[in-house]
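**Student:** Handing you this structure, nothing more for now.
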Amino acid sequence: MQGFSRRDFVRTSVTAGAAAATVVSPTTAQATASSEGRIKVIAISCSHRKGKSTAATLGVCLQAAKELSPRIETELIELAGLNINGCVAAGVPLPPGQQDDFPKLVPTLADPKVRGIIIGTPVYFGNMSSLCRAFLERCIVLYQDKFALSNKVAGVVAVGGTRNGGQEVTIQSVQISLFCNEMILVGNGRPGPRHGATVWSGAEGGVLKDEIGMTTVKALGRRVAEVSLRVAGVS
Ligand SMILES: Cc1cc2nc3c(=O)[nH]c(=O)nc-3n(C[C@H](O)[C@H](O)[C@H](O)COP(=O)(O)O)c2cc1C
């Protein structure tokens, strides 16, 4: 990009992104969470299909997070049906007068009380869904200026139609974007700590019957909750 610096790029993207929310600094975020003594862990389902296997999996993950401590509140956000355009992150505006749904998500993402974020994506050809990619690209608006995702804890869930369908590589791909936002990445915790939650939706009866996968999902929920509490200083 000749004559177009990285700073220009980010500034343009943010302007075009028009993320309305006031972004709160990590220091303020930490103080607010600590003073209330309660924190929030949210999960974002990046499946195009509302209420299907990725959403069901994240429900289990959040339940495990909630069960770790009464200080934890949870919320599941499904991106299915939302219009999120990756092009805006690159500074390519939507047609005049049009706005998509990403700015509506910003207040929740930047909320100081939200200390843990779990991203769940279906595996598409060994990688994240296009919806997940667009969402992560648009998070550049949070990265700009105040790094509103900084020091929030993140974990990743990948749901594939086959047992070894690329879940781990998908998790790593999502994690790279989250590292760029200064998030604190955790994998699934004990038993058998690994990269994140790896789930098979092809089991008879669906994801909830994938015993091995559900072990990783619950362990991830607990791990995100545990580290979120510690980072917020309320454990
Ligand atoms: C375009 C496309 C590509 C897919 N590629 C993979 C894949 O590489 N590996 C895999 O295990 N499953 C693959 N799947 C299956 C989905 O990951 C699986 O059905 C998943 O449960 C969908 O999540 P959902 O029920 O939340 O929509 C693919 C599905 C689609 C539509």
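**Student:** Being among the small types (Gly, Ala, Ser) and either in contact with an Asp or Glu (Cβ under 6 Å, 6 or more places away or on another chain) or under 19 Å from Glu137 (Cβ atoms) (or both) is the filter here, so list the residues in the range 69-80 that pass it.
**Tutor:** Answer for the range 69-80, where residues must be among the small types (Gly, Ala, Ser) and either in contact with an Asp or Glu (Cβ under 6 Å, 6 or more places away or on another chain) or under 19 Å from Glu137 (Cβ atoms) (or both): just Ala80.
**Student:** Only residues that are among the polar types (S, T, N, Q), under 21 Å from Pro122 (Cα atoms) and either crowded, with 21+ Cβ neighbours inside 10 Å or in contact with a helix residue (DSSP H, G or I) (Cβ under 8 Å, 6 or more places away or on another chain) (or both): list them for the range 213-235, please. Break it down into steps so the answer makes sense when it comes.
**Tutor:** Pass one, the range 213-235, residues among the polar types (S, T, N, Q): 215-216, 228, 235.
If we keep only those that are under 21 Å from Pro122 (Cα atoms) too, we end up with 215-216.
Across the range 213-235, the qualifying residue is only Thr216.
**Student:** Name the pairs: first residue in the range 211-235 and more than 17 Å from Thr74 (Cβ to Cβ), second residue of a type in the set (S, T, N, Q) and modelled with pLDDT of 95 or more, Cβ to Cβ under 7 Å, at least 6 apart or on different chains?
**Tutor:** Cβ pairs passing all conditions: Gly213/Thr198; Thr216/Asn188; Thr216/Thr198.
**Student:** Could you check the range 158-191 and list, in sequence order, the residues that are within 16 Å of the ligand (Cβ to nearest atom), without any contact (Cβ under 8 Å) to a residue 40 or more places away in the chain and of a type in the set (A, V, I, L, M)?
**Tutor:** Taking the range 158-191 and keeping what is within 16 Å of the ligand (Cβ to nearest atom), we get 158-174.
From what is left, the residues that are without any contact (Cβ under 8 Å) to a residue 40 or more places away in the chain are 163-164, 168, 171-172.
Listed by number, the list holds a single entry, Ile171.
**Student:** Which condition from (1) more than 16 Å from the ligand (Cβ to nearest atom); (2) touching an Asp or Glu at 6+ places or on another chain (Cβ under 8 Å) is the one that Val199 breaks?
**Tutor:** (1)
Condition check ((1) within 12 Å of the chain's Cα centre (by Cα); (2) part of a loop (DSSP other than H, G, I, E, B); (3) surrounded by fewer than 17 Cβ atoms within 10 Å (Cβ to Cβ)) across all residues:
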| site | (1), (2), (3) |
| --- | --- |
| Gln99 | no, yes, yes |
| Arg115 | yes, no, no |
| Leu136 | yes, no, no |
| Val141 | no, no, no |
| Gly155 | yes, no, no |
| Gly165 | no, yes, no |
| Gln172 | no, no, yes |
| Glu182 | no, yes, yes |
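Here is a yes/no grid of residues against (1) in contact (Cβ under 8 Å) with a residue 60 or more places away in the chain; (2) over 19 Å from Leu142 (Cβ atoms); (3) away from the ligand (no atom under 16 Å from the Cβ):
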site	(1), (2), (3)
Leu62	yes, yes, no
Lys66	yes, yes, yes
Ala90	yes, no, yes
Gly97	no, yes, yes
Thr121	yes, no, no
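The values are calculated or read from the model by the stated rules, or taken from the named source; none is laboratory data. Quantities reported herein were computed from a predicted structural model and do not represent experimental measurements. Cβ: placed from backbone, ideal geometry, glycine included. Neighbour counts: every protein chain shown.
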